[in-house]
Amino acid sequence: MVPESWVGSVTRPQFAWRMTVGPLPRVTYGMLWWVSDADPAAFFAWGYGGQFVYVVPSRDLVIVATTDWCSSAKSRPRSSQPKCLA
C-alpha cells in the first residue's frame, strides 16, 4: 500500500507533449509512469519482456500481466522475435 497522495504525484503528467501508443491516445510521462489523460484517464508501467501494470482509477480497474516474450519466441517467426538478454 502506498499513500494516495504519492500515486497522485507520480502519475501527474510532467511534460506538455502527447503521443499515441497503440490504441492509447494522449500519452505522456509522469514520474516513472506513463500517463494517458484521454477519457478515461489511465496510467501504466511497462516493463521488460511484456510485463505491465495498467490502472484506470475511475473504473476501479487494475490489470497486471507478467509474461516472458523471450521464452515464447519459438511460437513466432524468427523475424519477429524480440531481442532478449541471455
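The values are calculated or read from the model by the stated rules, or taken from the named source; none is laboratory data. Small disclaimer: the values here were computed from a predicted structure and weren't measured. FYI the Cβ positions are ideal-geometry reconstructions off the backbone, even for glycines, and counts take in every protein chain you see. The protein model used for the area step is the full one, side chains on, heavy atoms only, and it has no ligands, DNA or RNA in it. Shrake-Rupley method; radii C 1.70, N 1.55, O 1.52, S 1.80 Å.
Couple of notes before you dig in:
- Taking the conditions (1) more than 18 Å from Val62 (Cβ to Cβ); (2) surrounded by 10 or more Cβ atoms within 10 Å (Cβ to Cβ) in turn, Ser5 satisfies each one other than (2).
- Selection status of Val62, modelled with pLDDT of 90 or more and surrounded by 12 or more Cβ atoms within 10 Å (Cβ to Cβ): no
Residues are listed down the side, and each one gets a yes or a no for (1) open to solvent by less than 40 Å² (accessible area, probe 1.4 Å); (2) modelled with pLDDT under 90; (3) part of a loop (DSSP other than H, G, I, E, B); (4) basic (Lys, Arg):
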{"residue": "Ala16", "(1), (2), (3), (4)": "no, no, yes, no"}
{"residue": "Thr20", "(1), (2), (3), (4)": "no, yes, no, no"}
{"residue": "Val35", "(1), (2), (3), (4)": "yes, no, no, no"}
{"residue": "Val55", "(1), (2), (3), (4)": "yes, no, no, no"}
{"residue": "Ser58", "(1), (2), (3), (4)": "no, no, no, no"}
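- The set of residues in segment 20-51 being touching an Asp or Glu at 6+ places or on another chain (Cβ under 9 Å), of a type outside the set (S, T, N, Q) and within 20 Å of Thr67 (Cα to Cα) consists of Gly49, Gly50.
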